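The next block holds one structure in the form of structure tokens; read it before the comments.
The values are calculated or read from the model by the stated rules, or taken from the named source; none is laboratory data. Worth saying up front: this structure is predicted, and the values here are computed from it rather than measured. Heads up, the Cβs are rebuilt from the backbone with ideal geometry, glycines too, and the neighbour counts pull from every protein chain shown.
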Amino acid sequence: MPEDSNTQIIEEGIKLEPAPQIIANQAEAIDSQMSNLAQNLSAWIDDQNWVPDSLNHFVAVLILFLGMLAMSATIYLVFRPLVLRWVKYFVGKSGTTWDNELMGHGVFRWLTHLLPGGFIFLVAPGLFESAPYLGKILRTASSLYILVSCYFVFDSMVNALQVIYSRTPAGRKINLTTFAQVAKLLAALVAIILSLAVILGKSPLVLLGGLGVFASVLMLVFKDVILGFIAGIQLASNRMLSRGDWLEMPSYQADGNVELIGLTTVKVRNWDRTVTTIPTYALISDSFKNWQGMSESNGRRIKRSLLIDTNSIRLCDEKMLERFREIEHISAYLDTKEKEIEQSNSKIDEARLNNRVNGRRLTNVGTFRAYIEGYLKTHPDINQKMTLLVRQLDTGGRGIPIEIYCFSSNKEWGAYESIQADIFDHLYAVAPEFDLRIFQEPTGYDFQQLASPQ
């Protein structure tokens, strides 16, 4: 016989059915077997003389009900723990870690809850064909049990996946809590709709159509959830804020580490150990400062000023310059500047140079700025690869500000404050060596000295 004919006969003899049809056929077969079992039990009870004829149906239903409960209890109390122990054994033997998270968050535990619920769901209609109300109640209850179990399977799986993904480099930069909470919320809504459909015996599509009437109410109730969800997407997509970042938001008196970015609130642990909660959408509508860039950089910025009393600023004479040459960090600066000044002043008549106003001259405040810059360039705790400036700012009637702009190598808060304090302690102490006075508002002691007789 030709090969094509054999192939045709095989294809005609074997008809492959889709998976849903196979499951439906198996369920129908189970239902038929359970119905035959119930009929056989009823026939056996009818033959027993010790059972009154009026109670035959009741006794048969009672025996079937107790038998079903016994089997369900056996599956729940005996078979389910054995399955969990078997799964735990293989999870422990595997070399991966993701299955440990699934086990730890209860994914497999909630999956095994489907066994007793599925057993009742399959056998109840056939067993209680003669008592349809009881069969319907049992099937509805088992359906609700299966729906609740499926929801918790999804919930625990989302938790496990969140932990697994958060350990990856990309997961540490993206806030997953918001997306996880939204997924759980949607799953809860789906579970509620399906549960109502099971209880009412209606199609879920009918219930979904009826929800359109309450759309405005739902938007009002879930306003913060919707705003928080949109804000969470923007925070995550733009990488504006992540868990563990240092957030500063004066409008909410928040200054500390972000502990949680939720669907509706952001939890901040302030440095004084208090907790501030901020609406998630406020991080989009209001401004805040994220210090994480500083934490990831190679230094922490120092930006402070000394206020120099303008009455102490003067031109340097030879005596002052001789004294300044003995100061570390500025000898090379003085040599260079004196050569520049000499070259510049050579173009001016010598008679006019007798007036110190003419020509270029060194000042004590300029020399002090050069000293500060040299001092910072040799300081072991200042990052020399980052910006280092010593500049004069505009005076505001309270002396001349000399601002220091640099970065400390140590970013830890306590060490940073010590480095900054040590630098300014030194500068305040050496300013008089340059014949400079630090500007200070007059105090009560100053007025007392003025009022006291000489």
Exercise for the section: Say whether the condition of being basic (Lys, Arg), surrounded by fewer than 19 Cβ atoms within 10 Å (Cβ to Cβ), modelled with pLDDT of 80 or more and more than 23 Å from ALA73 (Cβ to Cβ) is met by at least one residue in region 171-185. Expected result: yes
Exercise for the section: Find the helices (runs of 4 or more DSSP H) located wholly in region 24-143 whose residues include 3 or more that are more than 35 Å from the chain's Cα centre (by Cα), and list them. Expected result: 56-74, 80-93, 114-127
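Does any residue of region 65-84 turn out to be among the polar types (S, T, N, Q) and over 29 Å from GLN48 (Cβ atoms)?
No, region 65-84 contains no residue that is among the polar types (S, T, N, Q) and over 29 Å from GLN48 (Cβ atoms).
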Problem - Failed item in (1) out of contact with any Phe, Trp or Tyr (no Cβ under 7 Å at 6 or more places or on another chain); (2) of a type in the set (Gly, Ala, Ser); (3) buried (at least 18 other Cβ atoms within 10 Å of the Cβ), with GLY396 passing the rest - result: (3)
Practice task
Return a yes/no flag: does region 301-314 have any residue that is of a type in the set (Asp, Glu), in the same structural domain as GLN384 (by TED's automatic domain parsing) and exposed (fewer than 14 other Cβ atoms within 10 Å of the Cβ).
Solution key: no
Handout entry: Cβ-Cβ under 9 Å pairs, at least 6 apart or on other chains, region 138-150 side among the hydroxyl-bearing types (Ser, Thr, Tyr), far side outside any helix (DSSP H, G or I)
Key = THR140/GLY201; TYR145/HIS113; SER149/HIS113
Fill in the blank from the handout: Given (1) over 23 Å from MET320 (Cβ atoms); (2) in contact with a helix residue (DSSP H, G or I) (Cβ under 7 Å, 6 or more places away or on another chain), ALA370 misses just (1)
Completion exercise
Those helices (runs of 4 or more DSSP H) completely within region 241-356 that have 1 or more residues that are charged (D, E, K, R) are 292-296, 318-325, 331-345, 350-353
Practice task
Determine, yes or no, whether LYS319 is of a type in the set (Lys, Arg), within 30 Å of MET249 (Cα to Cα) and either loosely packed, with under 14 Cβ neighbours inside 10 Å or free of Cβ contacts under 8 Å to residues at least 24 places away in the same chain (or both).
Solution key: no
Practice task
Go over the candidates LEU84, LEU127 one by one and state the one that is at negative phi and either surrounded by 18 or more Cβ atoms within 10 Å (Cβ to Cβ) or of a type in the set (Phe, Trp, Tyr) (or both).
Solution key: LEU127
Handout entry: Counted residues, region 261-276 - those being surrounded by fewer than 14 Cβ atoms within 10 Å (Cβ to Cβ), modelled with pLDDT under 90 and either under 20 Å from LEU176 (Cα atoms) or touching a strand residue (DSSP E or B) at 6+ places or on another chain (Cβ under 7 Å) (or both)
Key = 1
Fill in the blank from the handout: Of those in region 373-403 that are part of a loop (DSSP other than H, G, I, E, B) and basic (Lys, Arg), the residue modelled with the lowest pLDDT is ARG398
Exercise for the section: Could you tell me whether region 404-418 includes any residue that is closer than 17 Å to ILE327 by Cβ and either outside any loop (DSSP other than H, G, I, E, B) or not basic (Lys, Arg) (or both)? Expected result: no
Exercise for the section: Kindly indicate whether ASN410 is out of contact with any helix residue (DSSP H, G or I) (no Cβ under 8 Å at 6 or more places or on another chain) and polar (S, T, N, Q). Expected result: no
Practice task
Only one of these is part of a helix (DSSP H, G or I) and either of a type in the set (Lys, Arg) or surrounded by 16 or more Cβ atoms within 10 Å (Cβ to Cβ) (or both): ALA421, ALA370. Name it.
Solution key: ALA370
